[in-house]
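Novice: Got a structure here, written out as C-alpha cells. Questions coming.
The values are calculated or read from the model by the stated rules, or taken from the named source; none is laboratory data. Just so it is clear, the model here is predicted, and its values are computed rather than measured. Please note: Cβ atoms are built from the backbone with ideal geometry, for glycine as well, and neighbour counts cover all protein chains shown.
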Amino acid sequence: MNGKATEPEITEPNMRALLGSVGLDVEYLRAEGNTLVHAGADGEDVSVLDHVGGYGSLLLGHNNPEIVAHAKELLDARTPVHIQFSRHSSANRLALALNRILHRELGTTEDYLAFFASTGAEAVETGIKHAELDRRMRVGALIAEIDSHIEEVRAASRDGGVTVGAELGFAGPEELIAHVRAHNEAVLAKPPLFLALEGSFHGKLAGSVQLTHNPVVRGPFQALAAQARFVPIDQPDALAKVVDSEQAALLDLKVDGGVVTVEPREYPVFTAFLVEPVQGEGGINVLGEEFATRLRRTADALDVPVIVDEIQCGMGRTGTFLAGSAVGLQGDYYTLAKSLGGGIAKISLLLIRRSKYRPDFEFLHSSTFAKDGFSTAIALKVVELLEADDGAAYRRATELGIRLKSALDGVRADFPEVVKAVRGKGLMLGLEFGDQTGSPSEPVRDAALQGILGYAIAGYLLREHRIRIFPTASAPNTLRFEPSLQLTGEEIARTAAALRAVSVILRDQPDRIFQP
Ligand code: PMP
C-alpha cells in the first residue's frame, strides 16, 4: 500500500508542486552507479542516467559495492557509532591519510588538524567560527599591547616627563588617551567581514549563507550574521581594491624622546577569505592561477586565513584530490564533505594548518553527530579507494572528464546559437545555454525570465531521454554534469545525443520543451 492518494503532502509541498510542474517529482526506488530506477506508468522499471550525482556527493556512484560492503561489515561488527568524548582511531587515521594527500599535493610538510562535522555548511560554519576566534585573539593581543603603551604614557606623564606634540591638537596626554580610546572603541564595534567571490556557494546556514553570493538566498537573512564582500572571480585587481576600501587602523601611543606620538596599527578587519577552486553552484567556474596567486598574496599581507572550500570540487572529482592544488593554491583551512561520505554517510571535515590552529577552539565547538564511528570509517574507506593503484581514480576522473567535455564541446560547436559555453574540469562540467528571454516561444521566454528554464529542460531530458541533469543553483542557464567514476562511453554518447535533441528543440520548436 502506498497511500499516495490519501496522505497529505507536508514535506516542502510547494517545492514538490514546482518539481511536478516540469515533471521532476519522480520517486526513485533503486540506485546503483550512475543509474536510478523509478516505476513507469505500468509499474515497469525505468532506468535513468544520473548526472546530478547527489549534487556532487557521488563520485563513487550510488551504492558503491565496496562502500556498501564496508558499511555492512561495520554494522555487523557492532562498531560503536555514537561514542562522544572517547578516542576515535578511525577519525584520526582519516585525518592522517588526508594529511599524506595534502602534503603530496601541496608540497608541504605542515600538518592540518581536523575538526569533524556532518554537512558541508557545518564545516564552513566551523571554519568561520575558528577564524573568528583567531581574529578575536589577535585583536585581544593588539589591544593589550596598546593598553600597556597607554599605561606607559600615563606613568611618564605622572612623572612630568612627557608632552604631546602641538600639531596633534590635544591639551595633554589624558585628552589624547581619551581620543585614542574612543577611536579604538569605534573600530572594535565594527562587525567583522569576510571576502568571498561572486558566484560563490558556501552553504545556507545562518553564517554560511552570508558567504553565498546569490542575493535571492542570502538577502532575507543578511541581518543574522557577519557579511562578506564579493569580488569577481576573473578580476584579480578588484581584490586589492575591495580590501583597500575596507582597511581600518587602531591607534597606538608611543613615547619618543619625551614626546607622545600616535601610531596607527593595522586592524584585522577580515575574518577569512573563502574560495572554491571550481565553483559548483555558481555555474562551474574554474579559478584561474593568477587569481589564486593574488588571493594568497593578499591574504598573507593581511594575515587573513584562506578557507578553500573543496566540498563539491574536491575528493578527486577534477583529477586531483584537492581541486585547488592544480592552480597551486595553498589554503590555511580546507572544507571537505559530499563525496567524502561515499554516498552513504554524512560527514564533513575542516582541516586547519597547524601554524594557524587555535587549540582553545576544541573546547568551544562540538556537535553530537560529529566524528561518529560510522561516518569516519566510511570516509577512511573512500580515501583508500581514491588512493588505490597509485591514484587510478584521479586519472579516471581526468580521462572521463576529457571525454565528456569533448562530447559537450561537440554539441556546442554544432549549436552555437543555443549553447553559449562549456566549462569545467574532470567530472565537474557545465554547459551553459544562451539567454532565452527573447525566445519566440512565450512559455520558454517566461521560464527564462523566472530563471527556471534549466529545470524545464531537465524535465524534458528526464521525460524523453531518461537522463537526470539539473542546472546549478545560482546560474540557472548552466546544466551541471557530476557523474560518478563509473561513467561509460555509451552514457557519454547518450548524453550528447540528448543535448543535441534539446538544442534542436530550443532552436526550431522551443514550445516542445514543455510538451509531454
Ligand atoms: N560549499 C560548497 C562548495 C557546496 O557546493 C555546498 C553544497 N552545494 C556547500 C558548501 C554546502 O554543503 P551542504 O549542502 O552539505 O550544507
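Novice: Conditions first: (1) over 28 Å from residue 324 (Cβ atoms); (2) of a type in the set (Ser, Thr, Tyr); (3) not in a helix (DSSP H, G or I). Residue 148 passes all but one, so which condition is the exception?
Specialist: Failed condition: (3).
Novice: Here's a follow-up. Before we move on, is residue 457 over 20 Å from residue 57 (Cβ atoms), touching a Lys or Arg at 6+ places or on another chain (Cβ under 6 Å), hydrophobic (A, V, I, L, M, F, W, C) and not assigned by TED's automatic domain parsing to the domain that holds residue 318? Spell out the reasoning first.
Specialist: Values: over 20 Å from residue 57 (Cβ atoms): yes; touching a Lys or Arg at 6+ places or on another chain (Cβ under 6 Å): no; hydrophobic (A, V, I, L, M, F, W, C): yes; not assigned by TED's automatic domain parsing to the domain that holds residue 318: yes.
No: the conditions fail for residue 457.
Novice: Further question: Taking region 186-209 on its own, how many of its residues are in contact with a strand residue (DSSP E or B) (Cβ under 8 Å, 6 or more places away or on another chain), surrounded by fewer than 21 Cβ atoms within 10 Å (Cβ to Cβ) and not hydrophobic (A, V, I, L, M, F, W, C)?
Specialist: 3
Novice: Only one of (1) surrounded by fewer than 19 Cβ atoms within 10 Å (Cβ to Cβ); (2) modelled with pLDDT of 95 or more; (3) β-branched (Val, Ile, Thr) fails for residue 457. Which number is that?
Specialist: Answer for residue 457: the failing condition is (1).
Novice: Can you tell me how many residues within region 165-174 are among the acidic types (Asp, Glu) and surrounded by 13 or more Cβ atoms within 10 Å (Cβ to Cβ)? First the steps, then the outcome.
Specialist: Filtering region 165-174 down to residues among the acidic types (Asp, Glu) leaves 167, 174.
Checking the rest, the ones that are also surrounded by 13 or more Cβ atoms within 10 Å (Cβ to Cβ) come to 174.
Result for region 165-174: 1.
Novice: Right, next: Within region 481-493, is even one residue closer than 28 Å to residue 400 by Cβ, among the acidic types (Asp, Glu) and within 23 Å of the chain's Cα centre (by Cα)?
Specialist: Initially, region 481-493 is screened for residues closer than 28 Å to residue 400 by Cβ, giving 481-493.
With the extra rule that they be among the acidic types (Asp, Glu), the set shrinks to 482, 490-491.
Those still in the list that are within 23 Å of the chain's Cα centre (by Cα) too: 482.
There is at least one residue in region 481-493 that is closer than 28 Å to residue 400 by Cβ, among the acidic types (Asp, Glu) and within 23 Å of the chain's Cα centre (by Cα).
Novice: Give the residue that is nearest to residue 384 (Cα to Cα), with candidates limited to residues of region 39-61 that are buried (at least 23 other Cβ atoms within 10 Å of the Cβ) and more than 15 Å from the ligand (Cβ to nearest atom).
Specialist: 60
Novice: Now for a different question. Just the residues that are of a type outside the set (D, E, K, R) and within 16 Å of the ligand (Cβ to nearest atom), please, taken from region 342-368.
Specialist: Kept after step one, since they are of a type outside the set (D, E, K, R), are these residues of region 342-368: 342-345, 347-352, 355, 357, 359, 361, 363-368.
The answer is 342, 343, 344, 345, 347, 348, 349, 350, 351, 367.
Novice: I would also like to ask the following. Among the residues of region 16-38, which ones are without any contact (Cβ under 8 Å) to a residue 24 or more places away in the chain and either surrounded by fewer than 12 Cβ atoms within 10 Å (Cβ to Cβ) or part of a strand (DSSP E or B) (or both)?
Specialist: Passing the criteria: 17, 27, 28, 29, 30, 37, 38.
Novice: Being in contact (Cβ under 8 Å) with a residue 40 or more places away in the chain and outside any helix (DSSP H, G or I) is the filter; apply it to region 399-420 and report the residue that is surrounded by the fewest Cβ atoms within 10 Å (Cβ to Cβ). Give the steps one after another, and end with the answer.
Specialist: Step one: filter region 399-420 for residues in contact (Cβ under 8 Å) with a residue 40 or more places away in the chain, giving 400-401, 403-404, 407-408, 410-411, 414-415, 417-420.
With outside any helix (DSSP H, G or I) added as a condition, the list becomes 415, 417-420.
Details: 415: 18, 417: 9, 418: 21, 419: 23, 420: 15.
Going through the qualifying residues, I end up with 417.
Novice: I'm checking my understanding of the structure. Among residues of region 92-124 that are more than 17 Å from residue 315 (Cα to Cα) and out of contact with any His (no Cβ under 9 Å at 6 or more places or on another chain), which one is surrounded by the fewest Cβ atoms within 10 Å (Cβ to Cβ)?
Specialist: This residue is 107.
Novice: Of all residues in region 130-142, how many are under 30 Å from residue 258 (Cβ atoms) and either in contact with a helix residue (DSSP H, G or I) (Cβ under 6 Å, 6 or more places away or on another chain) or surrounded by fewer than 16 Cβ atoms within 10 Å (Cβ to Cβ) (or both)?
Specialist: First, the residues of region 130-142 that are under 30 Å from residue 258 (Cβ atoms): 141-142.
Pick out the ones that are also either in contact with a helix residue (DSSP H, G or I) (Cβ under 6 Å, 6 or more places away or on another chain) or surrounded by fewer than 16 Cβ atoms within 10 Å (Cβ to Cβ) (or both) and you get 141.
Qualifying residue count for the region: 1.
Novice: Got at least one residue in region 172-185 being of a type in the set (D, E, K, R) and either outside any helix (DSSP H, G or I) or touching a Phe, Trp or Tyr at 6+ places or on another chain (Cβ under 8 Å) (or both)?
Specialist: Step one: of region 172-185, the residues of a type in the set (D, E, K, R) are 174-175, 181, 185.
From what's left, either outside any helix (DSSP H, G or I) or touching a Phe, Trp or Tyr at 6+ places or on another chain (Cβ under 8 Å) (or both): none.
Taking every residue of region 172-185 in turn, none turns out to be of a type in the set (D, E, K, R) and either outside any helix (DSSP H, G or I) or touching a Phe, Trp or Tyr at 6+ places or on another chain (Cβ under 8 Å) (or both).
So that you can scan it fast, the table gives a plain yes or no per residue for (1) within 16 Å of the ligand (Cβ to nearest atom); (2) surrounded by fewer than 21 Cβ atoms within 10 Å (Cβ to Cβ); (3) outside the structural domain of residue 59 (by TED's automatic domain parsing); (4) more than 18 Å from residue 91 (Cα to Cα):
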position: 289; (1), (2), (3), (4): no, yes, yes, yes
position: 300; (1), (2), (3), (4): no, yes, yes, yes
position: 309; (1), (2), (3), (4): yes, no, yes, yes
position: 315; (1), (2), (3), (4): yes, no, yes, no
position: 319; (1), (2), (3), (4): no, no, yes, yes
position: 340; (1), (2), (3), (4): yes, no, yes, no
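Novice: Now for a different question. In the list 378, 344, which residue meets the criterion of being assigned to a loop (DSSP other than H, G, I, E, B) and surrounded by 18 or more Cβ atoms within 10 Å (Cβ to Cβ)? Lay out the reasoning, then the answer.
Specialist: Details: 378 fails: assigned to a loop (DSSP other than H, G, I, E, B).
Within the list 378, 344, the selection yields 344.
Novice: Would you call residue 247 within 16 Å of the ligand (Cβ to nearest atom), of a type outside the set (Lys, Arg) and either under 30 Å from residue 325 (Cβ atoms) or over 20 Å from the mean Cα position of the chain (by Cα) (or both)? Lay out the reasoning, then the answer.
Specialist: Details: within 16 Å of the ligand (Cβ to nearest atom): no; of a type outside the set (Lys, Arg): yes; either under 30 Å from residue 325 (Cβ atoms) or over 20 Å from the mean Cα position of the chain (by Cα) (or both): yes.
The answer is no for residue 247.
Novice: Could you check region 198-210 and list, in sequence order, the residues that are within 11 Å of the ligand (Cβ to nearest atom) and among the hydrophobic types (A, V, I, L, M, F, W, C)?
Specialist: Correct list: 201, 205, 209.
Novice: Among the candidates 275, 209, 216, 231, single out the residue that is of a type in the set (Val, Ile, Thr), assigned by TED's automatic domain parsing to the domain that holds residue 134 and closer than 23 Å to residue 356 by Cα.
Specialist: Numbers: 209 fails: closer than 23 Å to residue 356 by Cα; 216 fails: closer than 23 Å to residue 356 by Cα; 231 fails: closer than 23 Å to residue 356 by Cα.
275 is the lone residue from the list that is of a type in the set (Val, Ile, Thr), assigned by TED's automatic domain parsing to the domain that holds residue 134 and closer than 23 Å to residue 356 by Cα.
Novice: Also, I was wondering about something else. Given 213, 183, 179, which one is surrounded by fewer than 23 Cβ atoms within 10 Å (Cβ to Cβ) and within 16 Å of the ligand (Cβ to nearest atom)? Even if it seems obvious, please write down each step before you answer.
Specialist: Values: 183 fails: within 16 Å of the ligand (Cβ to nearest atom); 179 fails: within 16 Å of the ligand (Cβ to nearest atom).
None of the others qualify; the one that does is 213.
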